[in-house]
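Each remark here refers to the structure printed beneath this line.
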Amino acid sequence: MLLALLLHALPALAESPRLATLDWTLAETLSALDTPPVAVGQVDAYHAWVREPALPSSVTDLGLRTQPNLELLASLDPERILVTPMFSNLTPRLERIAPVENLALYTPGRDTWTEMRELTHQVAALVDRDAAATRLIEDTEAHLEHLKQERLDDDAPPLLVVQFMDARHVRVFGDNGLYQAVLDRLGLDNAWTGTTNAWGFSLVAIEALAGLDARLVVVEPYPAGVRATLSESGLWQRLIERSRGEPLTLAPVWSFGALPSARRFADQLVGALENDDDR
């Protein structure tokens, strides 16, 4: 009887829609719902930036996200192609291959965490995985609450989260971004209260950070040669002194991601703060 039930369920598992996407945020969400896309743009770069959840080897690499191999995409015969507004200019060409679904995230004026929850449900509806979406949301929120209650000190300092563009300029992250949404759920303060763009960051010269009293957090990668230049920069050394020591350094996290990237950022940040306390 059990074998018969399992065999009966196999066709349902095989009927998951064949979806392709150019966007890593949609790819990570599909993968977290156990329905990875058949094709994604720049798979190697996805694994360098997003990392988890990893894409299975069966996923086809479509080449550049902004200039995908349309002939290859057509040969895969996807049932639907998912994009975000960043790639909406490609819609007329993609629609010749399959229907296109445009799913938005990081809408100015909207709560980022609410949008990430909504996106998860929207993606799940396309692959008939509503229950999996609910589990993903609940598990992510419970995990972040656990980090907040069990692993963070009440007196954690304000943080300043940056990513280097070159030796003189950084992205500094604040409102309307994934990092800020995670800081809010963890109950951590962000020292950056300046304006941010639609993706939740401002591009500033490092001089703009000089007056901020905060613990520096640097999200890798460092561009080539930047570490050596910073070691000789008097301004950077003064920033480090004000920051109470060398910056906390995190491995690359997809700052434009959804719930899987949010969880990964939270884990890395809390782990770095714990190690900092132990020093």
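Per DSSP helix of 4 or more residues, -39500 (n - 2.57); summed, then divided by the residues of the chain. What does that give at 222 nm, rounded to the nearest 500? Intermediate values should be presented prior to the final figure.
Details: 11 runs with 115 residues, N = 279.
Rounded to the nearest 500, the figure is -12500 deg cm²/dmol.
How long is the gain from residue 91 to residue 72 if the chain were fully straight, where each residue apart is worth 0.36 nm and the alpha carbon distance is subtracted?
Working: separation 19, 0.36 × 19 = 6.84 nm, distance 1.64 nm.
So the chain would gain 5.2 nm between residue 91 and residue 72.
Please work out the C-alpha center-to-center distance from segment 147-163 to segment 75-135 and express it in whole Å.
The two parts, judged by their Cα centres, are 32 Å apart.
Only Cα pairs under 8 Å and at least 6 apart count here; give the relative contact order of segment 106-177 as a rounded whole percent.
35 percent
How many percent of Cα pairs in segment 73-208 exceed 20 Å?
Values: 5611 of 9180 pairs.
Above the 20 Å cut-off, segment 73-208 has 61 percent of its Cα pairs.
Please name whichever of 94, 109, 57 sits farthest to the positive end of the charge dipole of segment 44-128, dipole taken about the Cα centre and charges placed at Cβ: Lys and Arg +1, Asp and Glu -1.
Positive-most Cα among the choices belongs to 109.
Which value, in debye to the nearest 20, gives the size of the charge dipole of segment 127-200 about its Cα centre, when Lys and Arg are +1 and Asp and Glu are -1 at the Cβ? Walk me through the numbers on the way to the answer.
Working: 7 positive and 14 negative charges, 79 e Å.
Computed about the Cα centre, the dipole is about 380 debye.
Based solely on C-alpha atoms, express the radius of gyration and the Dmax of segment 223-279 in angstrom.
14.0, 38
Only Lys, Arg, Asp and Glu count, each charged at its Cβ (+1, +1, -1, -1), so figure out the dipole size of the chain about its Cα centre, rounded to 20 debye.
Computed charge dipole of the chain: roughly 660 debye.
Express the relative contact order of segment 131-229 as a whole percentage, based on alpha carbon pairs under 8 Å and six or more residues apart in sequence.
This gives 33 percent for segment 131-229.
At most 12 other C-beta atoms within 10 Å and a DSSP loop state: those are the exposed GluC sites (Glu not before Pro) I care about. Give me the longest piece of the chain that has none. Walk me through the numbers before you get to the answer.
Working: sites that count: 15, 95, 232.
After excluding every exposed loop site, the longest remaining stretch is 96-231.
Rank 74, 258, 132 by mean-square fluctuation in a GNM of the chain with C-alpha springs under 10 angstrom and give only the top-ranked residue.
In this elastic network of the chain, the residue with the biggest mean-square fluctuation among 74, 258, 132 is 74.
I want to check the label-to-label distance for residue 121 and residue 149. Put each point 7 Å from Cα in the C-beta direction and report it in nm to one decimal.
The modelled label-to-label distance comes out at 2.4 nm.
Carbon and sulfur together cover what percent of the accessible area of the chain at a 1.4 Å probe radius? It would help to have the intermediate numbers written out before the result.
Values: 6720 of 13520 Å².
Answer for the chain: carbon and sulfur cover 50 percent of the accessible area.
Relative contact order of the chain, please, whole-number percent, based on alpha carbon pairs below 8 angstrom and at least 6 residues apart. Intermediate results must be reported in sequence, preceding the final value.
Values: 457 pairs, mean separation 48.7, N = 279.
It rounds to 17 percent for the chain.
Please identify the DSSP H helices in the chain that span no less than 15 Å along the helix axis (Cα) and have a mean Kyte-Doolittle hydropathy of -1.0 or more.
Numbers: long enough: 2-14 (19 Å, 2.23); 112-126 (21 Å, -0.26); 130-146 (24 Å, -0.62); 259-278 (29 Å, -0.62).
Result, helices passing both filters: 2-14, 112-126, 130-146, 259-278.
How many Å² of accessible area per residue for the chain, probe 1.4 Å? List each step's numbers first, then the result.
On the way: 13520 Å² over 279 residues.
Value returned for the chain: 48 Å² of accessible area per residue.
Mind sorting out which of (1) 37, 22, 16; (2) 23, 21, 20; (3) 31, 22, 17 is the real semi-axes √(5λ) of the Cα gyration tensor in Å computed from the coordinates?
(1)
Taking the Cα centre as origin and putting +1 on Lys and Arg beta-carbons and -1 on Asp and Glu beta-carbons, what dipole magnitude results for segment 1-159, to the nearest 20 debye?
Numbers: 12 positive and 25 negative charges, 119 e Å.
It comes to approximately 580 debye.
Could you state the per residue volume, in Å³, of the convex hull enclosing the Cα atoms of segment 157-279?
Values: hull volume 11.9 nm³, N = 123.
Hull volume normalised by residue count: 97 Å³.
To the nearest Å, what is the center-to-center distance of segment 13-47 and segment 205-222, using C-alpha atoms only?
Taking the Cα centre of each part, segment 13-47 and segment 205-222 sit 34 Å apart.
The values are calculated or read from the model by the stated rules, or taken from the named source; none is laboratory data. Predicted, not measured: the structure shown is a model, and the values here were computed from it. A quick note on method: Cβ atoms are made from the backbone with ideal geometry, for glycine too, and the neighbour counts reach across all protein chains shown. Just so you know, the surface numbers come from the protein's heavy atoms only, side chains and all, with ligands and any DNA or RNA stripped out. Shrake-Rupley method; radii C 1.70, N 1.55, O 1.52, S 1.80 Å.
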